[in-house]
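The values are calculated or read from the model by the stated rules, or taken from the named source; none is laboratory data. The structure presented is a predicted model; accordingly, all values stated were derived computationally and were not measured. Methodologically, a virtual Cβ is constructed for each residue, glycine included, from the backbone with ideal geometry; neighbour enumeration extends over all protein chains shown.
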């Protein structure tokens, strides 16, 4: 039993390393993107497009992975996904044109498709208390990717070529693959029984189609995921566009760029930690309302005060804190509204989330490119979005209260794509 528990702990740690490798491979390269576009003689539009394609790659396999993992086992799917990420990461430094660079980044982004497989395995293999603690740890740890990624990336390009960043990501991913190969249990270790009258993983195609139909026609789920994607779009757009806005448009130093990143995303970290300290029985609706109010205040303030950089950052900190407050509650309400398998619902959520987010990033990129990647263009785009989120979250809170659903503890917030 001790050996089994030790192996499960090592599996969780190596899975966490894989998750961090996927997110850091994106966050580390962002401060180096101005160098990339200069080397390939591309426009600044490619900076945001690189992130959009990375996220879009993360949406391509979601709808299929759940059934495939049930059929052949999560271990095989997880190892195959890690291997795909490693191959793409290895190929990025060999890109000769911006088109090749962007295409490989799309395939590299597919690595994020497999993260939810690991989370599902954790819930299968651990009891309730240990699963909650482990997923909470994973969620809080991956929040730091947007914080430490730009710091590491800036340090690397100060002493080496930008290609070295992908060398670091490859090493992290390779260690994770070796660890998962040795420690991730196979299907026999899973505790979840197969449905009555059905072999494990052998979901009938008609039943599968009916389940997905029920998910995609559920209004609460669809509106909730759309709202969640809209909520994270400003933070993800900042990750993708801040190199062009801060480093090139404003002519600021890497130190200023890193300081702004850390200050903004610390709001998300603080609110996430505050939720972990809350006692039992708190209201999800209250989190939605309070988080929505903070989001509106932060967005409106950033739109009004963008000429004063430190005040803009403070307002974005407030928005980030509001997002961290309501995000987990919003995702939980959306996921539990369908009444369908959590595995399939999570697949559908990941698919829609990535598609909406990629579209939102391209909208930010197009508008900011039109106005020369100025801070004003980014800040003013956020104002109407803040108003929408405030109203949308209040609507979700009223709907949740009308159903009389219990509060409960929200899941760990989705990582900023980081990321989504």
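Per-structure values
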{"quantity": "When residues of the stretch 275-289 are limited to those that are farther than 19 Å from residue 401 by Cβ and assigned to a helix (DSSP H, G or I), the one modelled with the highest pLDDT", "calculated": "275"}
{"quantity": "Total residues in the stretch 50-74, condition more than 22 Å from residue 225 (Cα to Cα) and buried (at least 22 other Cβ atoms within 10 Å of the Cβ)", "calculated": "4"}
{"quantity": "All positions within the stretch 93-115 that are in contact (Cβ under 8 Å) with a residue 60 or more places away in the chain and more than 21 Å from the chain's Cα centre (by Cα)", "calculated": "93, 98, 101"}
{"quantity": "Hey, residue 270 in contact (Cβ under 8 Å) with a residue 40 or more places away in the chain, out of contact with any strand residue (DSSP E or B) (no Cβ under 7 Å at 6 or more places or on another chain) and crowded, with 16+ Cβ neighbours inside 10 Å or not", "calculated": "no"}
{"quantity": "Residue among 358, 321, 348, 334 that alone is farther than 28 Å from residue 53 by Cβ, in contact (Cβ under 8 Å) with a residue 40 or more places away in the chain and assigned to a helix (DSSP H, G or I)", "calculated": "321"}
{"quantity": "Filter pass, residue 294 being under 18 Å from residue 219 (Cα atoms), touching a residue at least 12 places away in the same chain (Cβ under 8 Å) and assigned to a helix (DSSP H, G or I)", "calculated": "no"}
{"quantity": "Breaking point among (1) closer than 13 Å to residue 115 by Cα; (2) under 16 Å from the mean Cα position of the chain (by Cα), for residue 60", "calculated": "(1)"}
{"quantity": "Single match in 178, 191 (criterion: at pLDDT below 95 and under 21 Å from residue 73 (Cα atoms))", "calculated": "191"}
{"quantity": "Among the residues listed as 309, 292, the single one being more than 30 Å from residue 66 (Cβ to Cβ) and under 22 Å from the mean Cα position of the chain (by Cα)", "calculated": "292"}
{"quantity": "Residue check, residue 272 under 30 Å from residue 10 (Cα atoms) and modelled with pLDDT under 85", "calculated": "yes"}
{"quantity": "Residue list for the stretch 27-48, filter: touching a helix residue (DSSP H, G or I) at 6+ places or on another chain (Cβ under 6 Å) and over 19 Å from residue 373 (Cα atoms)", "calculated": "27, 28, 40"}
{"quantity": "Filtered residues of the stretch 206-226 (kept if surrounded by fewer than 17 Cβ atoms within 10 Å (Cβ to Cβ) and not in a helix (DSSP H, G or I))", "calculated": "217"}
